[in-house]
Structures are given as structure tokens and as C-alpha cells.
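**Student:** One structure is given below, represented as C-alpha cells, and several questions about it will come after.
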Amino acid sequence: MTDWLTKPRERLQAIAEQLRRGEQPGPETVRTVLSWFGGQRRGSWIVGRIRAELENAGLETTPDIWATYLDGRLHFTLRKEPATTAASAPVPETNAGLQAPPTSLPDPTYRLARLPSANAAPLSIHPDEPLELAVSHMIKKDFSQLPVMEGPRSLKGVVSWASIARRQCLGVPASRVRDCTDPAHVLELGTPLFAAIESIYRHDYALVRHPDNRIGGIVTTADLSLEFHALAEPFLLIGEIENHLRRLISTRFSLDELKAAKNSTDENREVTAVDDLTLGEYIRFLQSEDKWKRLSLRLDRAQFIKWLKDVRDVRNDVMHFDPDPVSADRLQLLREVANMMQTLLRVGAV
């Protein structure tokens, strides 16, 4: 049995033993638990393996491994109703020797809990503090608002540039934070992200209440912009690279040649244009030395094909719609290949 499988199993069994002795093991981040299984992102298959091993050890996590963000902390507890054979029966394996995921499926909804900012306790200020202190913090941090709180579970409202300006313009005396405090806009940690977007856009922010009643985060319109940039950039870069390849191929090869490039096992698909081919078919098509020569590109064919294969691998990964962002090195690959294709177009090589 390989280390990446035996070590996490031993870790989880040790955690279960601690809990049975009445000891409370420390929490682990999602990222750390994934690393025990040789993973970096939460694909459905690796999460299935983790769930199976947790069940086998008689454990569960709070929150669920799928429900929080990548660096969110998971607390281990003993399963309330362990399966009859969970502790004794081996986890089923597939024909490839990999453990099959359990039948329970993760929550497919993308929720506020997946955002790092929803899980980072915000800077707050007490209502009795001088207003100048709130202004100082907002200028230093470039914040538009601060939650006004007497404790992590005692929210009094928010102070913002807008709340201060309204009172100053109307000549309302204000020397303490409480004098410029407006009602706060609050969303629950489990709120679906797309249900929260309009609300956050309308208020410019939302404080995030966690299940233990803490105000555990703040999500702003800037956070939403960054999140959607992280989610969208890989898709857009892959689409751009594929469009460059279509342009490159369509101007140099006939329709009959394109039809011949189709996967022979896909009998029902009709090819009427270069757009009907897949990225994998583009790659196989260009691997031919004769076809490559007709591109008239003074580039190394083997290296160019390797980069395209790397892009294909990222594409296959991205299309699983995992909740975690593409790794920095893979995103950089997409950016570099897209930039290379832009350069070829700009200088007239394609």
C-alpha cells in the first residue's frame, strides 16, 4: 500500500483513538487534509476517498470538507451513528485499485463559506471609541466601512464614509462611533453565493455570521470581483488558446483534412468546420510532422505540442468545476501560452 494512502489512514485512526480517550485533537485545514492524500484541490474523487477513510475510521468533520474554503479549519469528531461495518470492513476499491467514493454526495452549491474573506474575522471598533479612531483605521486600511461591535457576537451596526458624511452634511453632532453607526447588513455563512451577490452589490458589503453567532467575516464588492476573476480567468484563457488554434488550423487545412482529424470512435459527430474538433484532436492533428510544416511556424514542434498537452490537462481539471482555484503554476502556464499565441498573431505568424 502506498504511503499516500496508508499514512492518512493511520493519521485518521490515531485521531479517532484520541477522541475515544476523551482528548480533543487540533483542527486541520482542508489544504492539509488534502495533502495527506496527495491532493491540492477538492475534486469529487479525492473528496470521495477522504470521506470513505473518515467513515472507515468512524470520524466526521465540522464543517464538511466540501463546505468551507481551502484554508478553513476542520474539526474532527466521532460519527454520531457509525455505519455497522464502517470500522471493520475495508473501503471498496475500483478496478483500478482506487477506493470508491461513498454514496453520500457533497453539497453542490457554491456558498459564502467558500470565500476566504467570509472566514477572516473583520477589524471592528467599539461604539464608544472616538470617531477619529474609526476614520484613522479606514484611511490606513483603505476600508469603506467598519463593523461596530462590543464583542465577536455583539454587533451594533457599521460606521462608514457614507454614514459619517450624511451626518456631517446635515450638521448632526458626532464625536463617538455610535453617533455615526448605521444598521449592519448581515448574511449567514451558508448563504448561496449567487443569492448573496445582488445584496452585496446593493450595500457594497455584507458581514458574515457564522453558525456559532460570531461575525466571522466581511465580503465586499471588491472580494466578489476577485473571486469571479479567479473563477473565470482559467476558462477565458483556455477559450482564447483554443480560438487561436482554430484560427491557426482553419486557414491552412481543408475541410476533408479536418474531418480526418476527428476521433475515429466518435462516429455520430459530424465535422463541418474547425470548431467541431476538440482540443485533443487539434493536438493529435498538429503532432504530424507534415501538418506542422504547413503551419510555417519557426517554433520547436515537440515543445509546442507539450505545452498544448499541458493546457489540455488543465482544461480537463477545470471542467470538473472543483471549488478550489487552479494552482498558481497552472494558471501561469495558461497565461504564458495565451501570451505566446497573441504574439504569433501580432507579428503576423498566423
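**Student:** Work out from phi, with θ = phi - 60° and the Karplus expression 6.51 cos²θ - 1.76 cosθ + 1.60, the ³J(HN,Hα) of each residue of segment 240-249, listed in order in whole Hz, and give x for Gly and Pro.
**Tutor:** Once rounded to whole Hz, the list reads 5, 4, 5, 5, 5, 5, 4, 4, 4, 7.
**Student:** Loop-only GluC sites (Glu not before Pro) in segment 257-350, please: DSSP not H, G, I, E or B, and at most 12 other Cβ atoms within 10 Å.
**Tutor:** Values: sites: Glu257, Glu267, Glu270, Glu281, Glu289, Glu336; in loops: Glu267, Glu270.
Loop-located and lightly packed - Glu267, Glu270.
**Student:** Before rounding to the nearest 500, sum -39500 (n - 2.57) across all DSSP H runs of length at least 4 in the chain and divide by the residue total; then give [θ] at 222 nm in deg cm²/dmol. Don't skip to the answer; put the middle values down first.
**Tutor:** Numbers: 12 runs with 158 residues, N = 350.
Helix contribution divided over all residues of the chain: -14500 deg cm²/dmol.
**Student:** Further, regarding this structure: Over segment 224-346, what number does the Rg to Rh ratio reach, with both radii from the alpha-carbon atoms and Rh per Kirkwood?
**Tutor:** Rg/Rh for segment 224-346 comes to 0.99.
**Student:** Then there's this: If you keep only loop residues by DSSP, which trypsin sites (Lys or Arg not before Pro) in segment 246-344 have at most 16 other Cβ atoms within 10 Å of their Cβ? Provide the component values of the computation, followed by the final result.
**Tutor:** Values: sites: Arg246, Arg247, Arg252, Lys259, Lys262, Arg269, Arg284, Lys291, Lys293, Arg294, Arg298, Arg301, Lys306, Lys309, Arg312, Arg315, Arg330, Arg335; in loops: Arg252, Lys262, Arg269, Arg298.
Within segment 246-344, the qualifying trypsin sites (Lys or Arg not before Pro) (loop, at most 16 other Cβ atoms within 10 Å) are Arg252, Arg269, Arg298.
**Student:** From the mean inverse distance of alpha carbon pairs (Kirkwood) and the Cα radius of gyration, derive Rg over Rh for segment 199-296.
**Tutor:** For segment 199-296, the value is 1.32.
**Student:** Taking Cα pairs under 8 Å and at least six residues apart, what relative contact order does the chain come out at, in percent?
**Tutor:** Working: 442 pairs, mean separation 45.9, N = 350.
Relative contact order of the chain: 13 percent.
**Student:** Report the calculated FRET efficiency for Ile139 and Arg178 (r = Cβ-Cβ distance, R0 = 22 Å), to the nearest 0.05.
**Tutor:** Values: r = 20 Å, r/R0 = 0.91.
Working from the Cβ atoms, E equals 0.65.
**Student:** Express the C-alpha Rg of the chain as a ratio against the empirical globular expectation 2.2 N^0.38 Å, rounded to two decimals. It would help to have the intermediate numbers written out before the result.
**Tutor:** Details: Rg = 26.7 Å, N = 350, 2.2 N^0.38 = 20.4 Å.
Here the Cα radius of gyration is 1.31 times the empirical estimate.
**Student:** Let's test the formula: R0 of 30 Å, r as the Cβ-Cβ distance of Trp45 and Leu19. What FRET efficiency results, to the nearest 0.05?
**Tutor:** Working: r = 27 Å, r/R0 = 0.90.
Efficiency at R0 = 30 Å is approximately 0.65.
**Student:** Just the number: Rg to Rh for segment 275-350, Cα atoms, Kirkwood Rh, two decimals. Could the numbers behind the result be given before it?
**Tutor:** Values: Rg = 13.7 Å, Rh = 13.7 Å.
Taking Rh as the inverse mean 1/r over Cα pairs, Rg/Rh reads 1.00.
**Student:** Something else about it: How large is ³J(HN,Hα), in whole Hz, for each residue of segment 11-28 in order, when computed from phi with the Karplus curve 6.51 cos²θ - 1.76 cosθ + 1.60 and θ = phi - 60°, using x for Gly and Pro?
**Tutor:** Using θ = phi - 60°, the values come out as 4, 5, 5, 5, 4, 4, 5, 4, 5, 5, 7, x, 8, 10, x, x, x, 10 Hz.
**Student:** As a test of understanding, state the convex hull volume per residue of segment 116-213 from its alpha carbons, in Å³.
**Tutor:** On the way: hull volume 9.4 nm³, N = 98.
Taking only Cα atoms, segment 116-213 has a hull volume of 96 Å³ per residue.
Taken together, the values in this text are just the output of simple stated rules run on the coordinates, not laboratory data. Being a predicted model, the structure only gives us computed values, none of them experimental. Don't worry about glycine lacking a Cβ; one is built from the backbone with ideal geometry, like all the others, and counts go over all protein chains shown.
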